Amino acid sequence: MKYLKMLGLAAVAAAALMAIAGVGTASATVACKVTETPCAASNEWELGTAGLASLKAGSSAVMSSTSGEALMTCNGGHVSGKLENKGGPTETMHQAGSSANIVYEGCTNTMDTIKGGEVELHHIAGTDNATVTIKGFETTVQIIGVSCTYTYGAGIDAGVITGGTKPSMDVNAVLPKGAGSFLCPATVKGQFEGTLTEPSGAAYFEDE
């Protein structure tokens, strides 16, 4: 079994996994134990809460060229992390790459994160869901014998976490090439479907 740390593509998932915290610039986004807006402080996920998201049964994590050519697939894995700070009306809440981690099993290619970053969750008005924004991560992937580097730069909207009694995430991010051979695709797409398995219970993304 081949284990990989994919804090880049997966940061996508990784941070997403952190259904324990959301972010906002005008008002704090939080993961709430019940569906209510604003979320009462007593119903917010607590600081330090550990999270674990597993690849959805029967699905694969996939990296492909934007033209549709599969570059790498993984048939198992999980994302883990913890809630580091609760943010506030003037402070963006985020999941730092240092505490977010992703491990995949059964992958066809090698992928490594060479630079960490941050993951943010932003409440989608009128729903219990949140968009996932990934910043700063740089990831290398071995493609047709060469090493290619892809980056999230200042921020890429990578997907959506759907709140509810069984929170899930759907990541579909397009990443630009930061470095590598002319053989490396100019952009790649990362796709991941996961379910939150820890902590147990519901997570609804709301304003604080």
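Every number here is computed from the coordinates shown, using simple stated rules; none is lab data. Bear in mind the structure is a predicted one, so any value in this text is a computation, not a measurement. Reconstructed Cβ throughout: ideal geometry from the backbone, glycine too, with neighbour counts over all protein chains shown.
The packing ranking, built from the mean of other Cβ atoms within 10 Å per residue, places the peptides 31-43, 151-163 in the order 151-163, 31-43, highest first.
At a 10 Å Cβ-Cβ cut-off, how would you order Val146, Val171, Val62, fewest neighbours first?
Neighbour counts put them in this order, fewest first: Val146, Val62, Val171.
Please compute the net charge surrounding Asn129, taking Lys and Arg as +1 and Asp and Glu as -1 over other residues with Cβ under 12 Å from its Cβ.
Here the charged neighbours net out to -3.
Highest average first, the peptides 50-58, 133-141, 185-193 ordered by how many other beta carbon atoms sit within 10 Å of their residues are 133-141, 185-193, 50-58. For segment 115-203, the tally of Lys pairs with Cα-Cα distances below 16 Å comes to 5, considering only residues 8 or more apart or on different chains.
Seen from Phe192, the other residues with C-beta closer than 12 Å to its C-beta sum to a net charge of 0, counting Lys and Arg as +1 and Asp and Glu as -1.
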